[in-house]
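Participant: Encoded as structure tokens, here's the structure I'll be asking about.
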Amino acid sequence: MKYTVARFLIAAGLVIPAFAAVKAPAPPSTWTDGWVLTNGIRIHYWRTGGAKPPMVLAHGSSDDGLCWTALAKELEDRYDVIMPDARGHGQSDPPSASDAADAQVDDLAGIIRELKLDKPIVMGHSMGAAAAAWFGAKYPDLARAIVLEDPGLLPRPAGARGPGGAASTPEERQKQVLARNNTSLEDLVAGCMKGSPKWGRAECEIWAPSKRMHHPNTALRGLGGRPAMADLFAKITVPVLILKADAPADVRKQNEEITAKLAKGTIVHIDNAGHNVRREEKAHLLRELNKFLAGL
């Protein structure tokens with residue numbers, strides 16, 4: 001093996017290689033975690049705690065509860081923030097091919113009931129936003145308000161791929177998930193920073209471990225089965241805030257038309273934000289979120 005100057009400096013402790021700094025960051029020491037048994041599976045969650053109004057955060061596909069860390073830190077002084085791992089994500093049990101299309105919806109309801117949360121605010125991102133919207137329609141009396149981070153509002157064209165170009169068949173999706181399970185944290189962080197430079201290294205280091213824990217069986221549930229968002233919105237009675245990614249004027253108009261189906265709905269398109277709104281334009285998202293929360 002060639003003994004380069006770089007290797008000498010590393011061996012001497014004068015230079016720390018980039019890969020040595022990559023590890024799963026620990027959650028704040030004041031947070032706790034636990035499990036509930038509901039809807040036929042065991043669901044893991046993280047919690048900031050305190051005698052404060054509860055807020056449940058439902059993450060997106062392939063993420064886990066700790067992927068909300070940066071936002072939860074901004075909210076924990078005012079809310080008891082609960083961050084569950086969706087089935088097949090984080091430390092929760094995997095799904096099965098027989099799961100109903102609204103299994104995650106019932107999981108949210110089960111978590112709220114098992115933890116005896118009184119009228120929580122429920123916020124979701126992407127997959128979690130779809131579950132939160134369906135939850136608001138199916139269980140209109142359980143939440144105080146709903147917040148949706150970049151939900152898919154418009155009908156998805158036949159054959160279209162999900163956010164990030166998700167593979168179209170269960171077998172392809174399983175292979176993609178397993179490949180990321182077997183990718184090192186170092187490579188995941190590097191790929192995140194290259195593909196999502198606006199996130200910053202700290203966010204990528206929180207995001208990366210979730211990819212290694214994402215269960216391939218989540219691919220079995222498919223990408224369909226959810227009612228049209230307009231139909232769900234017509235059944236939601238609590239206040240709803242939609243924080244959408246930036247979009248052309250014609251798409252914004254269509255999104256606003258769907259939002260008009262809500263009895264108490266507000267939509268804000270966040271300029272310069274992609275699908276991961278809070279990770280790309282956190283300050284703008286927080287301004288809108290805090291304004292909404294203050295008005296409840």
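The values are calculated or read from the model by the stated rules, or taken from the named source; none is laboratory data. Here the structure is a predicted model, which is why all the values come from computation and not from measurement. Cβ placement follows ideal geometry from the backbone for every residue including glycine, while neighbour counts extend to all protein chains displayed. The protein model used for the area step is the full one, side chains on, heavy atoms only, and it has no ligands, DNA or RNA in it. Shrake-Rupley method; radii C 1.70, N 1.55, O 1.52, S 1.80 Å.
Participant: Condition (residue is among the hydroxyl-bearing types (Ser, Thr, Tyr), closer than 30 Å to Lys282 by Cβ, modelled with pLDDT of 95 or more and not in a loop (DSSP other than H, G, I, E, B)) applied to the range 212-222: is it met by at least one residue?
Facilitator: Just the residues of the range 212-222 that are among the hydroxyl-bearing types (Ser, Thr, Tyr), to begin with: 218.
Going one step further and asking which of them are closer than 30 Å to Lys282 by Cβ, we end up with 218.
Within this subset, residues satisfying the condition of being modelled with pLDDT of 95 or more are none.
The answer is no, given that none of the residues of the range 212-222 is among the hydroxyl-bearing types (Ser, Thr, Tyr), closer than 30 Å to Lys282 by Cβ, modelled with pLDDT of 95 or more and not in a loop (DSSP other than H, G, I, E, B).
Participant: Also: Taking interchain pairs and intrachain pairs at least six residues apart, which have beta carbon atoms under 7 angstrom, with the first residue in the range 209-222 and at positive phi and the second at pLDDT below 95?
Facilitator: Gly222/Pro170
Participant: Here are the criteria: (1) among the polar types (S, T, N, Q); (2) open to solvent by 50 Å² or more (accessible area, probe 1.4 Å); (3) in contact with a Lys or Arg (Cβ under 6 Å, 6 or more places away or on another chain). Tell me which single one Ser98 does not satisfy.
Facilitator: All conditions pass for Ser98, except number (3).
Participant: Open to solvent by 30 Å² or more (accessible area, probe 1.4 Å), touching a residue at least 40 places away in the same chain (Cβ under 8 Å) and not acidic (Asp, Glu), is that true of Gly265? Before you say what the answer is, go through the steps one by one.
Facilitator: Details: open to solvent by 30 Å² or more (accessible area, probe 1.4 Å): yes; touching a residue at least 40 places away in the same chain (Cβ under 8 Å): no; not acidic (Asp, Glu): yes.
It is false that Gly265 is open to solvent by 30 Å² or more (accessible area, probe 1.4 Å), touching a residue at least 40 places away in the same chain (Cβ under 8 Å) and not acidic (Asp, Glu).
Participant: Do we find that Asn272 is on the phi > 0 side of the Ramachandran plot and free of Cβ contacts under 8 Å to residues at least 60 places away in the same chain in this structure?
Facilitator: On the way: on the phi > 0 side of the Ramachandran plot: yes; free of Cβ contacts under 8 Å to residues at least 60 places away in the same chain: yes.
In short, yes.
Participant: Any idea how many residues of the range 118-134 are out of contact with any Gly (no Cβ under 7 Å at 6 or more places or on another chain) and open to solvent by 20 Å² or more (accessible area, probe 1.4 Å)?
Facilitator: 3
Participant: Another question about this same structure. Taking Gln104, is it outside any helix (DSSP H, G or I) and not aliphatic (A, V, I, L, M)?
Facilitator: No, not satisfied.
Participant: Anything in the range 204-243 that is of a type in the set (Val, Ile, Thr) and either touching a Lys or Arg at 6+ places or on another chain (Cβ under 6 Å) or open to solvent by 70 Å² or more (accessible area, probe 1.4 Å) (or both)? List them, or say none. Steps first, answer last, please.
Facilitator: First pass over the range 204-243, keeping only residues of a type in the set (Val, Ile, Thr): 206, 218, 236-238, 240, 242.
Selection gives Thr237 alone.
Participant: A further question follows. Determine the pairs where a residue that is open to solvent by less than 70 Å² (accessible area, probe 1.4 Å), located within the range 178-203, has a partner that is at pLDDT below 95 and in a helix (DSSP H, G or I) with Cβ atoms under 7 Å apart, the partner being 6 or more residues away or on another chain.
Facilitator: What qualifies is Glu186/Phe19.
Participant: With (1) within 29 Å of Arg252 (Cα to Cα); (2) in contact (Cβ under 8 Å) with a residue 40 or more places away in the chain as the list, and Val105 as the residue in question, which single condition is left unmet?
Facilitator: Among (1) within 29 Å of Arg252 (Cα to Cα); (2) in contact (Cβ under 8 Å) with a residue 40 or more places away in the chain, the lone unmet condition for Val105 is (2).
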